[in-house]
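Take a look at the structure set out below.
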Amino acid sequence: QCSRLQSNAKLYLAVFSAVLGNFSFGYSLVYPSPVIPQLKNSDNPQLKMNTEQIAWFGSIFTLGAAAGGLGAMLLNDLIGRKISIMVSAVPSTVGYIVMGAAQVTWMLHLGRFLTGIAGGMTAASIPVYISEISHPKVRGALGSCPQVTAVFGALSLYVLGLVLPWRWLAVVGEFPALLMLLLLCFMPDSPRYLVSCGQRDKALKALEWLRGPNSEFTTEFSRIEFSISSQGKIQWSDLKIPFYYKPILISTLMRFLQQMTGITPILVFLEPIFLKTDVFLEPKYDAALVGIIRLMSVGIAATLMDKAGRKALLYASGFLMFLSTLTMNMYSHNSHCPSGNLTGTMLTQDPAGASAFHAITLIPLISTMVFIFGYAMGWGPITWLLMSEILPLGARGITSGLCVVVSWLTAFVLTHVFMHVVEAYGLFVPFLFFSVVCVVNIIFTAVCVPETRNRSLEEIENYFRTGRKFTILDG
């Protein structure tokens, strides 16, 4: 165990440096959750938000993420995975500076959009970078690191939101991306990317640095060269070939279905949702508890990824999310949670004005915890991991950007519409929709998703090339 840790030490350092971008992403995504209640009660009339402005504040991040994904489609193959990740630090830092100094609402929206661009770039680049520098024995665990660190970033935001005002939350948000930028200056780029660019010597040195001089990196390098030489750059006509269109469709649909579960609006509006459901604790504490559960669940997923397999975790994830959304649907329908003012005040007051506790008010908190637990152990990390595993190298850079664009455009629509639907109909309608989507996800897993546990990237590519087996020929 100790020798394995030593042999992978530099690989772990490279992964840690990259996933600081995912920490920033997770922090940025849920930034509105504690900030909206503070702005709702702001003494500055220029910063007070109505329902439409709050909807934009929550959702415009996802538009920026879609734009960042488009940028990553070009940058991933143009300047490389590592440099693309480093570039994301610019819009992230500028965005937080703008929000920290905001005097009017458009500055808050602009800052959210810029941090969204950074989030989209990291979401498209980091999983690909990690999968290409990792070896099969640890790729499952390391492939879940983007989700783990994104969750840790969100938890950090929830915890800091208990004690810091919203401007200081923006100031703190600047530092993870800057640290990532500094550390990545000393890390190598992806050996597979360097080989595809014809930089053979540089690629060999990068792989030796990642694996160690005493490893069998030359054998692995030969396999990488053989795999890359057998495919070349993707052309539009290639999209008719199953080797290309099957993994592209699977990856894109998984990112679409991942967002359709409702994860983004639930995370972004977590505190307002709890305000809506008469939950017995203050919403900011409930949000922090959910963040802790989310972090625990992705930790469990990381340990099980290479043991239980991807599909088993996707099944369990989809089932848990279905149960929790159905429970929330029934609770909100039967408890007659009133529509209107999603960001208003608590409603659980007895006639004398004292807060009344009822055991049934635990249901929203428990259901949300189960939903987050289910998502974070399957459809959260595995969707990122499978995207980076099954896409052929020739299409990996562009298609990973396409997946991010599809994912975040879907998230934008759901997040923006969510506020208006809840205020018009209550929580019953959106959670009924999310429960139906979870059933679709389980069926999709059974029919379309391959098991990639303990398979090299070259074996996975051969599976889609032959449609039959996870083996490759030695070149």
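Ranked by the mean number of other Cβ atoms within 10 Å of their residues, highest first, the peptides 196-202, 287-293 come out as 287-293, 196-202. Here is how the number arises for the chain: DSSP H runs of 4 or more residues each give -39500 (n - 2.57), the sum is divided by the residue count, and the result at 222 nm is -24000 deg cm²/dmol. Label zone of residue 43 (point 7 Å out along Cα→Cβ, amide N under 17 Å): in region 96-124 this covers 103-104.
Surface analysis of the chain yields an accessible area of 39 Å² per residue, using protein heavy atoms and a 1.4 Å probe.
Working out 0.36 nm times the residue gap between residue 185 and residue 285, then minus their Cα-Cα distance, what length gain in nm do you get to one decimal? Display every interim value, and only then the final one.
Values: separation 100, 0.36 × 100 = 36.00 nm, distance 3.82 nm.
Separation in residues times 0.36 nm, less the Cα-Cα distance, equals 32.2 nm.
Counting only protein heavy atoms and a 1.4 Å probe, tell me what percentage of region 139-204's accessible area is made up of carbon and sulfur.
On the way: 1940 of 2620 Å².
Looking at region 139-204 in its full context, I get 74 percent from C and S.
In summary, the lysines within cross-link reach of residue 48, defined as a Cα separation below 27 angstrom excluding same-chain residues under 8 places away, comprise 40, 276, 284. Descending by average beta-carbon neighbour count within 10 Å, the peptides 252-263, 26-37, 118-129, 419-430 line up as 118-129, 26-37, 252-263, 419-430, the highest first. Taking label positions 7 Å along the Cα-Cβ direction at both residue 226 and residue 308, the computed distance is 3.5 nm, reported to one decimal.
Taking 0.890 mPa s as the viscosity and 25 °C as the temperature, the Stokes-Einstein diffusion coefficient of the chain based on its alpha-carbon Kirkwood radius rounds to 108 µm²/s. Helices in the chain that qualify as membrane-span-like (whole DSSP H runs, Cα extent of at least 24 Å along the helix axis, mean Kyte-Doolittle hydropathy of 0.5 or higher) are 9-29, 51-78, 105-133, 283-304, 393-425, 428-448.
The trypsin sites (Lys or Arg not before Pro) of region 20-101 meeting both criteria, a DSSP state outside H, G, I, E and B (loop) and at most 15 other C-beta atoms within 10 angstrom of the site's C-beta, are 48.
The values are calculated or read from the model by the stated rules, or taken from the named source; none is laboratory data. All values derive from a computational prediction rather than experimental measurement. Backbone-built Cβ (ideal geometry, glycine too); neighbour counts: all protein chains shown. Only protein heavy atoms, including side chains, enter the accessible area calculation; ligands, DNA and RNA are left aside. Shrake-Rupley method; radii C 1.70, N 1.55, O 1.52, S 1.80 Å.
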